[in-house]
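Chemist: Input: one structure, supplied below.
What follows draws every value from the coordinates through simple rules; no lab data is involved. Bear in mind that the values here come from a model prediction, so they are computed numbers and not experimental data. All Cβ positions, even for glycine, are placed from backbone atoms using ideal geometry, and neighbour counts span all protein chains on display.
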Amino acid sequence: MARILLLGSTGFFGVEHIISLVAVRRNRPQSYLAVNVDGPRIMAEAAKAVGAKSVVFVSVVGARLDSHYKYLTSRWMGEQELAKSGVAGTILRFSLVLAEEGGILNDFERFVNFGPVLIIPGDGQTQFQPILREDAARCVIEAIGKPELLGKIIELGGPEVVAFQTIYSWFLNARGIKKPIVKVPPGLLIPGAIVMETLLTNPIVTPDEIVTSQLPNLAEGIDSVSTRFGWRPTAPSTWAPIHWTKAPARK
């Protein structure tokens, strides 16, 4: 049986395959450079040192070298560090990953408690291809057994293309939240976001998140998972009304 290391667990001895999920979405308290860029390089060096056969590196759809998008640039740079290392690796870029806690759900919960209205940057029609966390995890595990994917960047998403406002409405309807929605041009929101990022340790949104939210976030095709792995992921539109009805228990 192959021995797999999931970063950050500990101990590399005898590891055959490494799965890297480590990243930060914001530049503090840990920096993009330390985690998203240097992290893959250090991981690759460790993989070579223990003779690991392969690495599955989880990244994001939209990773690119573009100074306008700091987070996406940091993820692209991390991918490049892995590629330069010479370690056999597969890079899986996912669209928006949905779960019963964390991620975008945490953002939605903070948004609805921020004021009397719900603010959407832009027109709310930016397209996403959300995938459930369990389906994303299955792709990661199955990629280990697919040597034909080594050296490739694979962009994956769920079976639906939906607008950001639609995903937000899944949450609002599931929780029975009724507040006015106000769509604001991103440029008008950025000055306030700059102030919050400067003064607060955990602002509700950052300037980089606002500009990034306007980019289409689509995989390599509507059937990206079935094409690469031979099965169809769950449709988030049927999952969210059931699984987002209650707030997750906080530890």
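Chemist: For Thr212, Thr227, what ranking results if the residue with the fewest other Cβ atoms within 10 Å of its Cβ goes first?
Modeler: Details: Thr212 21, Thr227 13.
Sorted ascending by nearby Cβ count, the order is Thr227, Thr212.
Chemist: I need the shape label for the stretch 192-251. Rule: rounded when a/c is under 1.5, else prolate if a/b > b/c, else oblate, with a, b, c from the alpha carbon gyration tensor.
Modeler: On the way: a/c = 3.38, a/b = 1.57, b/c = 2.14.
Oblate, since a/c reaches 1.5 and b/c is not below a/b.
Chemist: Quick one: order Val22, Val60 by neighbouring beta-carbon count within 10 Å, fewest to most.
Modeler: On the way: Val22 16, Val60 21.
The order, fewest Cβ neighbours first, is Val22, Val60.
Chemist: To the nearest 20 Debye, how big is the dipole of the stretch 55-188 about its Cα centre, given +1 on the beta carbon of each Lys and Arg and -1 on that of each Asp and Glu? Don't jump to the answer; show the numbers that get you there.
Modeler: Numbers: 14 positive and 14 negative charges, 62 e Å.
Around 300 debye, computed over the stretch 55-188.
Chemist: Based on alpha-carbon centroids, what's the gap between the stretch 81-103 and the stretch 178-249 in Å, whole number please?
Modeler: Between the Cα centre of the stretch 81-103 and that of the stretch 178-249, the gap is 17 Å.
Chemist: Okay, next question. If only Cα atoms are counted, what is the Rg of the stretch 139-196, and what is its Dmax, in Å?
Modeler: That works out to 19.1, 50 Å for Rg and Dmax.
Chemist: Take each complete run of DSSP H in the chain, measure how far its Cα atoms stretch along the helix's own axis, and keep only those covering 24 Å or more with mean Kyte-Doolittle hydropathy at least -1.0; list them.
Modeler: Values: long enough: none.
The qualifying helices: there are none.
Chemist: Output the antiparallel fraction of DSSP beta bridges having both residues in the chain, as a percent to the nearest 5. Please list the in-between numbers first.
Modeler: On the way: 2 of 27 bridges.
Percent antiparallel among DSSP bridges in the chain is about 5.
Chemist: While we're on this one: Using only alpha carbons, build the gyration tensor for the chain and give me the equivalent ellipsoid semi-axes, biggest first, whole Å. Could you put the intermediate results ahead of the total?
Modeler: On the way: eigenvalues 205, 92, 54 Å².
Taking √(5λ) for each Cα gyration eigenvalue gives 32, 21, 16 Å.
Chemist: OK, next. Take the alpha carbon gyration tensor of the stretch 105-250, find the square roots of its eigenvalues, order them as a ≥ b ≥ c, and report rounded if a/c is under 1.5; if not, report prolate when a/b exceeds b/c, else oblate.
Modeler: Details: a/c = 2.10, a/b = 1.64, b/c = 1.29.
Here the stretch 105-250 falls in the prolate category.
Chemist: Please label the shape of the stretch 65-144 as rounded, prolate or oblate, based on the square roots a ≥ b ≥ c of the eigenvalues of the alpha-carbon gyration tensor (a/c under 1.5 means rounded; beyond that, a/b larger than b/c means prolate, else oblate).
Modeler: On the way: a/c = 2.81, a/b = 1.61, b/c = 1.75.
Oblate, since a/c reaches 1.5 and b/c is not below a/b.
Chemist: Here's another thing I want to ask about it. Please check: in the Gaussian network model of the chain (C-alpha springs, under 10 Å), which one of Arg26, Arg75, Arg93 has the largest mean-square fluctuation.
Modeler: Arg26
Chemist: Could I ask something else about it? What whole-number volume per residue, in cubic angstrom, does the convex hull of the C-alpha atoms of the stretch 54-93 give?
Modeler: Details: hull volume 1.9 nm³, N = 40.
Roughly 47 Å³ of hull volume per residue.
Chemist: Out of Glu148, Glu81, Glu16, any idea which swings most in a Gaussian network model of the chain, alpha carbons joined below 10 Å?
Modeler: Per the Cα network of the chain with a 10 Å cutoff, Glu148 tops the list.
Chemist: How do Tyr168, Tyr71 line up, fewest other C-beta atoms within 10 Å first? Walk me through the intermediate numbers first.
Modeler: Working: Tyr168 19, Tyr71 22.
Going from sparsest to densest Cβ surroundings: Tyr168, Tyr71.
Chemist: Run the helix sum for the chain: -39,500 (n - 2.57) per DSSP H stretch of 4+ residues, divided by residue count, reported at 222 nm to the nearest 500 deg cm²/dmol. Each step should come with its number before you reach the end.
Modeler: Numbers: 9 runs with 96 residues, N = 251.
Value at 222 nm, helices only: -11500 deg cm²/dmol.
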